[in-house]
Amino acid sequence: MNTRQDDITGRRIAGGAAPGPFAEAAAPAVEILTLARLRTAALDPARPSRLGRHCLLTLTSGSLRHGVDFTEHALAPGQWLWARPGQVQQWGELDGAEGTLIRFDTGFLDPDTAIGVCADDPHAPVLRVPQAEDHALLRAATTQLQWEHSADRLALDTRLQVLRHLLAVLVLRVASLPGTETGAGPSEVYLAFRDAVERDFANTRRLADYAAALAYSPRTLSRATLAAAGIPAKEFIDRRVVLEAKRTLACSATPAAKIGERLGFSSATNFNKFFTQRTGMTPIAFREHVLAPKLA
């Protein structure tokens, strides 16, 4: 590795082989990159990639449109975007923005922090908008983390502990920021249903099965889901199945029929019909659309 490039823009800590800025394989436990460095990557940043790590992104200037799970978010300076493992990200045009990207494994956080920030919650808000009084605190936390990340004066074990604590400070502050999502706070019924769907969406799409497993009536689940997510419970299940299909179609070469089989469909025809009815395009057409080169 060229150690002259191990500066604040891309220093690698506690990792194996050093990947490119957009790579996920053999990644270090924590990595800090500037958008300026990402612009030098040979890989296509607009190509969908399924995350194996958390990605915390903030801008210092300019603007950026960044896709997470096929929803585009407009990021402005001072705002924070948090994409989580398992989600699919697509970068927009990088030339008009400057900022910082922090990528880390869930396991790099101490367990209390990981629980406190709901690190593994796939439903957590993606975009966070600080209040005016939050900006200075977030800048200070980010700057201190960057400085320690680039410093080389401590023994490795000590340095990792310092980075772990500084990262905890930052993610706790980001997690406390309000999201842009609207709707009522989640009830216990909704949270139980949501978690059950996350576990079992590939095994059953029947609302009655979830109702029986959770000892609630289908009507109770639908009321709770409508209040918290704005959609009926059955649609919530179907959307989760569609999301998984989209993720796999966009980020792998797995045949559509095989994807349908993994998602519990009895035939490729049934999967094709299900997907087309809910997205307006066939699985193959979706894959072609999402992988098509974007015009500048």
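The values are calculated or read from the model by the stated rules, or taken from the named source; none is laboratory data. Note that this is a predicted model, so its numbers are computed, not measured. Positions of Cβ are generated from backbone atoms using ideal geometry, with glycine treated the same way; all protein chains shown enter the neighbour counts.
For segment 195-208, the criterion of being among the small types (Gly, Ala, Ser) and within 28 Å of PRO45 (Cβ to Cβ) is met by no residue. Residues that are assigned to a helix (DSSP H, G or I) and hydrophobic (A, V, I, L, M, F, W, C) within segment 247-265 comprise LEU249, ALA250, CYS251, ALA256, ALA257, ILE259, listed in sequence order. Within segment 194-225, the residues that satisfy the criterion of being free of Cβ contacts under 8 Å to residues at least 60 places away in the same chain, surrounded by fewer than 18 Cβ atoms within 10 Å (Cβ to Cβ) and among the polar types (S, T, N, Q) are SER217, THR220. In segment 63-77, the qualifying residues are those that are crowded, with 16+ Cβ neighbours inside 10 Å and of a type outside the set (A, V, I, L, M), and the one that is nearest to VAL290 (Cα to Cα) is PHE70.
Touching a residue at least 60 places away in the same chain (Cβ under 8 Å), assigned to a helix (DSSP H, G or I), out of contact with any helix residue (DSSP H, G or I) (no Cβ under 7 Å at 6 or more places or on another chain) and outside the structural domain of ARG199 (by TED's automatic domain parsing) - does that describe any residue in segment 108-129? For segment 108-129, residues touching a residue at least 60 places away in the same chain (Cβ under 8 Å), assigned to a helix (DSSP H, G or I), out of contact with any helix residue (DSSP H, G or I) (no Cβ under 7 Å at 6 or more places or on another chain) and outside the structural domain of ARG199 (by TED's automatic domain parsing): absent. Looking across segment 266-296 at every residue that is touching a residue at least 60 places away in the same chain (Cβ under 8 Å) and assigned to a helix (DSSP H, G or I), the one that is surrounded by the fewest Cβ atoms within 10 Å (Cβ to Cβ) is identified as LEU291. One residue stands out in segment 24-59 among those that are of a type in the set (A, V, I, L, M) and either in contact with an Asp or Glu (Cβ under 6 Å, 6 or more places away or on another chain) or closer than 17 Å to ALA250 by Cβ (or both): the one that is modelled with the lowest pLDDT, namely LEU43.
So, in segment 140-166, exactly how many residues are surrounded by 13 or more Cβ atoms within 10 Å (Cβ to Cβ), hydrophobic (A, V, I, L, M, F, W, C), more than 16 Å from PHE108 (Cα to Cα) and at pLDDT 90 or above? The number of residues fulfilling the criteria is 2.
Is it the case, given these coordinates, that ALA168 is part of a helix (DSSP H, G or I) and within 20 Å of the chain's Cα centre (by Cα)? Spelling it out, ALA168 is indeed part of a helix (DSSP H, G or I) and within 20 Å of the chain's Cα centre (by Cα). Just one of the numbered conditions (1) within 27 Å of SER266 (Cα to Cα); (2) touching a residue at least 24 places away in the same chain (Cβ under 8 Å); (3) small (Gly, Ala, Ser) is not true of ALA228: (1).
Of the residues ILE237, ILE259, only one is in the same structural domain as ASP209 (by TED's automatic domain parsing), within 17 Å of ARG194 (Cα to Cα) and touching a Leu at 6+ places or on another chain (Cβ under 7 Å); which? Testing whether each residue is in the same structural domain as ASP209 (by TED's automatic domain parsing), within 17 Å of ARG194 (Cα to Cα) and touching a Leu at 6+ places or on another chain (Cβ under 7 Å) leaves just ILE237.
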